[in-house]
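Worksheet: one structure, shown below.
Rule-based calculations on the coordinates, nothing more; no lab input. Please read these numbers as outputs of a predicted model, since none were measured by experiment. When we count neighbours, we look across all protein chains shown, and the Cβ atoms used for this are built from the backbone with ideal geometry, even at glycine.
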Amino acid sequence: MRSAANKALKGSAIFWYVTAVIGQWLFVAYVASFYGGAAMAGNFERWNEVLVGGYVKGGTIGNVALATHLLLAIIITVGGPLQLIPYLRARALPFHRWNGRLYLLTAIVMSLTGLYAVWTRGTAGGFSMRFGISINAVLIVICVAMAWRYALARKIAVHRRWALRAFILVSGVWFFRVGLMLWIIANSGPVGIGGKGFDGPFVRFWAYGCYLLPLAVLELYLLAQGRSGPAGKLAMAGLLFVLSAGVGIGIFGAFMGMWLPRMAGG
Ligand code: HEM
């Protein structure tokens, strides 16, 4: 029973991981194709077909912050999931270390450039969106600092927990899009979104929920892995399978509804 429960928990984590990696790399494909494509063509105004506080002609500092943010979004989203592969940690430790340093630094620069963009140029939605993502940024910086500290101290079990928290928080903006699409699909329409103002009840809730909910699930998973008996592990595995399936549906919705139509040739 114990080994079956361990296997189920591991299987559910792998299922979640594969689903998330596919979804995150589809997001990267969109960012590279849409923002990168427009930048290479010198047509930065095209960014504003999506962004609310986007490119501003002559606003050099803000534009550089935004462009840095978008470029690093690609690096962090490609590199992050590679840190979680046990084989690479065991067989290619120097890669894990260098990619890890790059990831942690990138997460900090993304948070700072993101904060700058939010509070100087704004973003979609109202105060909840701005405040929610700002808390997300602060939590990213805290978890990154802790992950780094424990890696340096070679306390690997503690480092792993903080690094996983950082990964989930960095994925907050991605969870936002995927969760939003899952919600819209589940309701057969944009219920609680708030129309053009994008400040409806669901958006206000999800501005915080998009990172706090996944963080809570991670804490439950870590608890189940470390302390639960077989029943707790099986329950966690079941929850993770169901949530991953939901995330899969959200990814499909986000890709078909938001990302593919904006990709070059899409
Ligand atoms: C760390 C992980 C993050 C990633 C991977 C990421 C990625 C992105 C991407 C891809 C976009 C373009 C939006 C789209 O096409 O859907 C974007 C825009 C933006 N991001 Fe981030 N971001 C992250 C964190 C943050 C944080 C923590 C903040 C704020 C504190 C932030 C603030 C912004 C702002 C203000 C925009 C422009 C929104 C607009 O003008 O409508 N980002 N980000």
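Computed from the Cα positions only, the extents of segment 1-130 along the three principal axes stand at 62, 34, 25 Å, in decreasing order. A full extension of the chain between Val78 and Ala39 corresponds to an added length of 12.1 nm, given 0.36 nm per residue minus the alpha carbon distance. Taken over the C-alpha atoms, the chain has Rg and Dmax values of 18.9, 65 angstrom.
A simple count of charges around Pro86, restricted to other residues whose Cβ falls under 13 Å of its Cβ and scoring Lys, Arg +1 and Asp, Glu -1, yields +4. Counting only DSSP H runs of at least 4 residues, each contributing -39500 (n - 2.57), and dividing by the residue count of the chain, the helix-based mean residue ellipticity at 222 nm comes to -25500 deg cm²/dmol. Relative protection proxy for 161-171, 33-43, 212-222, from highest mean packing down: 161-171, 212-222, 33-43 (other beta-carbon atoms within 10 angstrom).
Classify segment 140-258 from the C-alpha gyration tensor, please: rounded if a/c falls under 1.5, else prolate or oblate depending on whether a/b exceeds b/c. Judged from the Cα gyration tensor, segment 140-258 comes out oblate (a/c at least 1.5, b/c at or above a/b).
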